[in-house]
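The values are calculated or read from the model by the stated rules, or taken from the named source; none is laboratory data. Keep in mind that what you see is a predicted model, and the values were worked out from it rather than measured. Every residue, glycine as well, gets a Cβ built from its backbone with ideal geometry; the counts of neighbours run over all protein chains shown.
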Amino acid sequence: MHILLVADGRSPITRSWLRMLSGLKYRVSLISTYPCESISGLEDQFTLPLAFASMSGSQVAAGGSRNQTWVRGWVARLRPLLLRVRALAAPLSLGRFRAEYLRLLEQLKPDIVHALRIPFEGMLAAATPPGIPLILSIWGNDLTFHARTSFLMARQTRKALRRVDGLLADAGRDLRLAQNWGLRAGVPALVLPGSGGLDLDEINRTITLHIEQPYRLPQERALVVNPRGFRPGSVHQDVFFRCLPKVLAEFPQAYFVCTAMQNQPQAQKWVSEYHLENHVLLLPYLNQQQLWQLFSRSQVYVSLSSHDGTPNTFLEAMACGCFPVVGDIESLREWLENGRNGLLVDPRDADAAADAILRALRHPELRQRARQGNIQILKERAELNRVRAQAGEFYRSLMPLS
């Protein structure tokens, strides 16, 4: 079987899905929607830079010159405006890539096309001719947020869902919502972790290793980790920072580690505004091993999102024994029972968030009980080999009969 993925080749989710597929021994090719380095193990690899990817601020190097830092700063400041412009302009730009996409299909002759999210991979892949089965994966905010950002995004979302022959989602909620957005009756659908599952053995090995970290953590302080970065409209980082003074007033030994926020002007402004300089560490993006080690050292994971599926960091944090405090939304209620294996809060309520973090920090027995239950849940629903078997069966079920 030859599978063609249409995905962001830089994304850790794409890389994890590719690792999962490698165990199925399928031929796999990739059309990356962002420029990225070559990925080993692929049959073929191409780039179609959708939605202005070739000029995206996210392509600026993580290190680099003073000029690059200046560009990153302006991109961060203008992010909400840029997202609004993108929601209007990006769907209009898809047409110029369709002919090249169809040419690549003719060259590669895949048995199945799989687009790893709706905007903008699934919107492009909707042009796949009917003779080739098309699978679409939904990310957590594809339908609850992005599809509603402009009438063009809504139209392209409906077009993509009307075309698909199979649907994957990391939350049961999205299978139901997809029917309201044009999914045809009877289309096969399945709930699977978007990353392709967790290698729990690898995670357990990693957190016992001594890996040099690009940061220093204070000793004897309770660690709270927020790894979600900036996702305007979805993750309410303003609420997170606003809740921290209340937490520190009652639990001054707490220390907050925020990844993907280093050199972000808005994060720096909040640290200064709330006088958090001695209580917050802003880190760059961490690789997966670094992130797992950080989770294993932290007591509490926080993600105050109002639009989400099942974040991969949420599952990884639970696998590392970190207690989740997350937004009270339908997709996360599929994993958590409030007060038993995590805490669910109004993601826009800073007082509620502070109270939940304090409850988690003050009650180690709650964290320990949750840890045991969450590991069992992950073994049953997110373990790599289980997910790989389910994904393989799903792909095979969509293969045309010879």
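What residue, of Ile207, Ile211, is exposed (fewer than 13 other Cβ atoms within 10 Å of the Cβ), in the same structural domain as Glu316 (by TED's automatic domain parsing), touching a helix residue (DSSP H, G or I) at 6+ places or on another chain (Cβ under 7 Å) and of a type in the set (A, V, I, L, M)?
On the way: Ile207 fails: exposed (fewer than 13 other Cβ atoms within 10 Å of the Cβ).
Checking each option against the conditions leaves just Ile211.
Could you list, in sequence order, all residues of the range 8-25 that are in contact (Cβ under 8 Å) with a residue 60 or more places away in the chain, more than 13 Å from Cys36 (Cβ to Cβ) and not in a helix (DSSP H, G or I)?
Gly23, Leu24
Report every pair of residues separated by at least 6 positions or lying on different chains whose Cβ atoms are under 9 Å apart, first residue within the range 86-112 and surrounded by fewer than 20 Cβ atoms within 10 Å (Cβ to Cβ), second outside any helix (DSSP H, G or I) and basic (Lys, Arg).
Note: pairs meeting the criteria are Asp111/Arg27.
Across the range 5-45, what is the number of residues that are acidic (Asp, Glu) and out of contact with any Ser or Thr (no Cβ under 6 Å at 6 or more places or on another chain)? Can you show your working first?
We begin by selecting, within the range 5-45, every residue acidic (Asp, Glu); these are 8, 37, 43-44.
Add one more test, that the residue is out of contact with any Ser or Thr (no Cβ under 6 Å at 6 or more places or on another chain), and what stays is 37.
Number satisfying all stated conditions: 1.
If Thr149 satisfies all but one of (1) in contact with a Lys or Arg (Cβ under 9 Å, 6 or more places away or on another chain); (2) of a type in the set (S, T, N, Q); (3) surrounded by 23 or more Cβ atoms within 10 Å (Cβ to Cβ), what's the number of the condition it fails?
The number of the failed condition is (3).
Just to verify a result, which residue in the range 274-290, among those that are in contact with a helix residue (DSSP H, G or I) (Cβ under 9 Å, 6 or more places away or on another chain) and modelled with pLDDT of 95 or more, is farthest from Pro218 (Cα to Cα)?
Tyr274
Based on this model, can you work out whether Leu217 counts as over 23 Å from the mean Cα position of the chain (by Cα), more than 23 Å from Glu334 (Cβ to Cβ) and not in a loop (DSSP other than H, G, I, E, B)?
Working: over 23 Å from the mean Cα position of the chain (by Cα): yes; more than 23 Å from Glu334 (Cβ to Cβ): yes; not in a loop (DSSP other than H, G, I, E, B): no.
Against the criterion (over 23 Å from the mean Cα position of the chain (by Cα), more than 23 Å from Glu334 (Cβ to Cβ) and not in a loop (DSSP other than H, G, I, E, B)), Leu217 does not qualify.
Is it fair to say Val271 is farther than 30 Å from Arg205 by Cα, surrounded by fewer than 24 Cβ atoms within 10 Å (Cβ to Cβ), touching a residue at least 12 places away in the same chain (Cβ under 8 Å) and touching a Pro at 6+ places or on another chain (Cβ under 7 Å)? Even if it seems obvious, please write down each step before you answer.
Working: farther than 30 Å from Arg205 by Cα: yes; surrounded by fewer than 24 Cβ atoms within 10 Å (Cβ to Cβ): yes; touching a residue at least 12 places away in the same chain (Cβ under 8 Å): yes; touching a Pro at 6+ places or on another chain (Cβ under 7 Å): no.
In short, no.
Just for the range 358-377: of the residues that are touching a strand residue (DSSP E or B) at 6+ places or on another chain (Cβ under 6 Å) and hydrophobic (A, V, I, L, M, F, W, C), which one is nearest to Lys25 (Cα to Cα)?
As a first pass, look at the range 358-377 and keep what is touching a strand residue (DSSP E or B) at 6+ places or on another chain (Cβ under 6 Å): 360-361, 367, 370.
From what's left, hydrophobic (A, V, I, L, M, F, W, C): 360-361, 370.
Numbers: Ala360: 43, Leu361: 45, Ala370: 36 Å.
This residue is Ala370.
Could you figure out which of (1) under 17 Å from the mean Cα position of the chain (by Cα); (2) buried (at least 20 other Cβ atoms within 10 Å of the Cβ) isn't true of Val345?
The number of the failed condition is (1).
I'm trying to understand the selection: among the residues of the range 118-154, which are among the charged types (D, E, K, R) and modelled with pLDDT under 95?
Once the filter is applied, which keeps residues that are among the charged types (D, E, K, R) and modelled with pLDDT under 95, the range 118-154 yields Asp142, Arg148.
Quick one: Arg371 ticks every box in (1) basic (Lys, Arg); (2) assigned by TED's automatic domain parsing to the domain that holds Asp308; (3) in contact with a Leu (Cβ under 9 Å, 6 or more places away or on another chain) bar one, so which box is it?
Exception for Arg371: condition (3).
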